[in-house]
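A.B. asks: Attaching a single structure in structure tokens format; questions to follow.
The values are calculated or read from the model by the stated rules, or taken from the named source; none is laboratory data. As the structure is a computational prediction, the values presented were derived from the model and not from experiment. Methodologically, a virtual Cβ is constructed for each residue, glycine included, from the backbone with ideal geometry; neighbour enumeration extends over all protein chains shown. The protein model used for the area step is the full one, side chains on, heavy atoms only, and it has no ligands, DNA or RNA in it. Shrake-Rupley method; radii C 1.70, N 1.55, O 1.52, S 1.80 Å.
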Amino acid sequence: MKSEDIEKLKGVLKIQSDIRKTLGEELRKKDFIEISSVILSPITDPLNHPIAPTNINCYGKKYSITQSMIFHKQIALRTLEKIFAFSPNVRLESLERKNTGRHLFEFTQLDLEIKDAKREDVMKLCEELFISVIKSVKKNFKKELRILGRELTLPKAPFKQIKYKDAYQKYGEEFEQIISKTHKEPVWIVDFPLTNREFYDGEDPKRPGVLRDMDLIYPEGYGEALSGGEREYKYDRIKQRILKKGQKPSQFKEYLTLAKDDLPPSAGFGIGIERLTRYICGLKRIEETTLFPKIPGKRCI
Ligand code: AMP
Ligand code: MG
């Protein structure tokens, strides 16, 4: 490795470490409790796009490697009110995703969830976190940003919001990339249609078929930053939504048992740390954000 490449990578890793520090500190100031991440479980996020399963045999029982901690976050709120985890996710993405510059098959999410919260609460929290992260990096890593050739601007909150329906009408199927490329500040996409998302995304009781959810889109062409929203939490509704998706309730047996007992209403989101690092550092590819990138289809250590 050339010494200038080592210098660049060192800068990126220092910035990533600062991003994690700021996120953890700001959340603790707001009374969030950090919980341990779950790596193995018989239940994990089924996701809404084709993905190869990561099943492993544990003592004759079928476990999966965590694809997201969504169910465990909801379950954790039976005990705590505000939680977060730096959660490693393994997603065996399709090979077509190896060249997007945005997909790894192992990555980390800052995953957080708040009991009794609404979508607007977590959107505001996200904006505050985002601004704190950028402020800290701009203040403490001037030299590193210069070496990376990155000029970071501090966005103004509240960020712009566009409804899914309007985005689709105006820009067509590729709305996410077009919005990302044509904006200089982050943009929220809200109100996704129920059929586009997972069964746990909360449906708006006043607008059937529309979800109380959101994605944040990075500017400058960096694409999706995070997904989140309010959750389904009532047993009957969750079961109905699983069936509507054509999935088997038995796959989520333990989750459904707990939902029958008690799952609190909540809202939250998960933001990919490597994508956030890529945006902050202005990098071409997500592989450049980590020492051990897992590129779909490649043998990576
Ligand atoms: P999702 O719930 O699927 O939207 O995932 C939450 C967030 O994790 C996304 O918004 C991204 O920031 C990040 N993410 C999802 N999949 C990947 C991936 N394959 N590689 C890197 N980051 C990802
Ligand atoms: Mg998403």
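A.B. asks: Using a 1.4 angstrom probe on heavy atoms only, work out the carbon and sulfur share of the accessible area of region 3-289 in %.
C.D. replies: Working: 7150 of 14010 Å².
Taking all protein chains in place, region 3-289 shows 51 percent carbon and sulfur surface.
A.B. asks: If you don't mind, there's one more thing I want to ask. Rounded to whole Å and sorted largest first, what semi-axes of the equivalent ellipsoid does the C-alpha gyration tensor of region 216-301 yield via the square root of 5 times each eigenvalue?
C.D. replies: Values: eigenvalues 246, 60, 27 Å².
The answer is 35, 17, 12 Å, longest axis first.
A.B. asks: Can you tell me the accessible area per residue over region 3-289, all protein chains present, probe 1.4 angstrom, in square angstrom? Don't jump to the answer; show the numbers that get you there.
C.D. replies: On the way: 14010 Å² over 287 residues.
About 49 Å² of surface per residue is accessible.
A.B. asks: By how many nm would the segment from D262 to I301 lengthen if fully extended, with 0.36 nm per residue of separation less the alpha-carbon distance? Walk me through the numbers before you get to the answer.
C.D. replies: Working: separation 39, 0.36 × 39 = 14.04 nm, distance 4.13 nm.
Taking D262 through I301 to full extension adds about 9.9 nm, to one decimal.
A.B. asks: Whole-Hz ³J(HN,Hα) for each residue in region 71-84, computed from phi via Karplus 6.51 cos²θ - 1.76 cosθ + 1.60 with θ = phi - 60°, x for glycine and proline: what do you get?
C.D. replies: 5, 5, 5, 4, 5, 4, 6, 5, 10, 10, 9, 9, 10, 8
A.B. asks: Quick check on my link table: of K118/K165; K2/K98; K2/K156; K29/K253, which ones sit more than 29 Å apart, alpha carbon to alpha carbon? Show your work: numbers first, answer last.
C.D. replies: Working: K118/K165 21 Å; K2/K98 25 Å; K2/K156 38 Å; K29/K253 36 Å.
Check vs 29 Å cut-off fails for K2/K156; K29/K253.
A.B. asks: Could you tell me the distance between the Cα centroids of region 228-301 and region 189-215, to the nearest Å?
C.D. replies: 15 Å
A.B. asks: If packing is taken as the mean number of other Cβ atoms within 10 Å per residue, what is the order of 223-232, 114-123, highest first?
C.D. replies: Numbers: 223-232: 22.2, 114-123: 18.5.
Order by mean packing, descending: 223-232, 114-123.
A.B. asks: Semi-axes of region 46-141's equivalent ellipsoid from the Cα gyration tensor, sqrt of 5 times each eigenvalue, largest first, rounded to whole Å?
C.D. replies: Semi-axes, largest first: 28, 22, 12 Å.
A.B. asks: Dipole of region 147-301 (Lys/Arg Cβ +1, Asp/Glu Cβ -1, origin at the Cα centre): which of Q240, F292, I178 lies farthest to the positive side?
C.D. replies: Comparing the listed Cα positions along the dipole, Q240 ranks first.
A.B. asks: By the scheme Lys and Arg +1, Asp and Glu -1, what is the net charge of all other residues having a beta-carbon under 13 Å from that of Q109? Don't skip to the answer; put the middle values down first.
C.D. replies: Working: positive: R20, K73, R91, R275; negative: D45, E106, D111, E113, E224, E274.
With Lys, Arg at +1 and Asp, Glu at -1, the neighbours total -2.
A.B. asks: Using the Karplus curve 6.51 cos²θ - 1.76 cosθ + 1.60 with θ = phi - 60°, what ³J(HN,Hα) values do you get for each residue of region 54-67, in whole Hz, with x for Gly and Pro?
C.D. replies: Whole-Hz 3J(HN,Hα) from phi for region 54-67: 10, 6, 9, 8, 10, 6, x, 10, 7, 10, 10, 7, 4, 9.
A.B. asks: Nearest 5 percent is fine: what portion of the DSSP beta bridges confined to the chain is antiparallel?
C.D. replies: Working: 41 of 47 bridges.
Within the chain, antiparallel bridges account for around 85 percent of the total.
A.B. asks: Kindly report, to the nearest 10 Å², the accessible surface of S250 as traced by a 1.4 Å probe over protein heavy atoms only.
C.D. replies: 80 Å²
A.B. asks: For E34, list long-range residues whose amide hydrogen, built 1.01 Å from N in the peptide plane, is under 5 Å from its own amide hydrogen.
C.D. replies: Under 5 Å from the amide H of E34 lie the amide H atoms of F84, each far enough along the sequence or on another chain.
A.B. asks: Taking the square root of 5 times each eigenvalue of the Cα gyration tensor, what semi-axes in Å does the equivalent ellipsoid of region 158-289 have, largest first? Display every interim value, and only then the final one.
C.D. replies: On the way: eigenvalues 187, 63, 31 Å².
Equivalent-ellipsoid dimensions as semi-axes: 31, 18, 12 Å.
A.B. asks: Give the lysines whose C-alpha is closer than 17 Å to that of K143, dropping any in the same chain fewer than 8 places away, or say none.
C.D. replies: Straight-line reach from K143, under 17 Å: K8, K10, K14, K135.
A.B. asks: Something else about it: Quick one: 3J(HN,Hα) in Hz for region 141-150, Karplus 6.51/-1.76/1.60 with θ = phi - 60°, rounded, Gly and Pro as x.
C.D. replies: 10, 4, 4, 4, 5, 5, 4, 7, x, 9
A.B. asks: Quick one: ranking S266, S17, S94 by accessible area, 1.4 Å probe, largest first, what do you get? List each step's numbers first, then the result.
C.D. replies: Details: S266 5, S17 70, S94 40 Å².
The ordering from most to least exposed comes out as S17, S94, S266.
A.B. asks: Taking 0.36 nm per residue of separation and subtracting the Cα-Cα distance, what length does fully extending H49 through N99 add? Each step should come with its number before you reach the end.
C.D. replies: Values: separation 50, 0.36 × 50 = 18.00 nm, distance 1.71 nm.
Length difference between fully extended and current span is 16.3 nm.
A.B. asks: Next question, about the same structure. Taking all protein chains together and a probe of 1.4 Å, list K21, K139, K245 from the most accessible to the least accessible. Working shown, then result.
C.D. replies: Numbers: K21 115, K139 145, K245 70 Å².
Of K21, K139, K245, the descending order of accessible area is K139, K21, K245.
A.B. asks: Based only on the alpha carbon positions, what is the Kirkwood hydrodynamic radius of region 196-254, in angstrom?
C.D. replies: Values: mean 1/r = 0.0777 Å⁻¹.
Over region 196-254, the inverse of the mean reciprocal pair distance is 12.9 Å.
A.B. asks: Along Cα→Cβ, 7 Å out, is where each label goes; now give me the distance between the ones at S132 and Q251 in nm to one decimal.
C.D. replies: Going by the 7 Å Cα→Cβ label model, 3.6 nm.
A.B. asks: Based on the mean of other Cβ atoms within 10 Å per residue, sort peptides 288-295, 211-218, 34-41 so the most packed one is first.
C.D. replies: The densest-packed peptide leads the list: 211-218, 288-295, 34-41.
A.B. asks: Could you work out the local net charge near E203, counting Lys and Arg as +1, Asp and Glu as -1, over the other residues with Cβ closer than 13 Å to its Cβ? If you can, show how the numbers build up before the last one.
C.D. replies: Numbers: positive: R119, R197, K206, R207, R212, R231, K234, R237, R241, K244, K245; negative: D191, E198, D201, D204, D213, E230, E232, D236.
The answer is +3.
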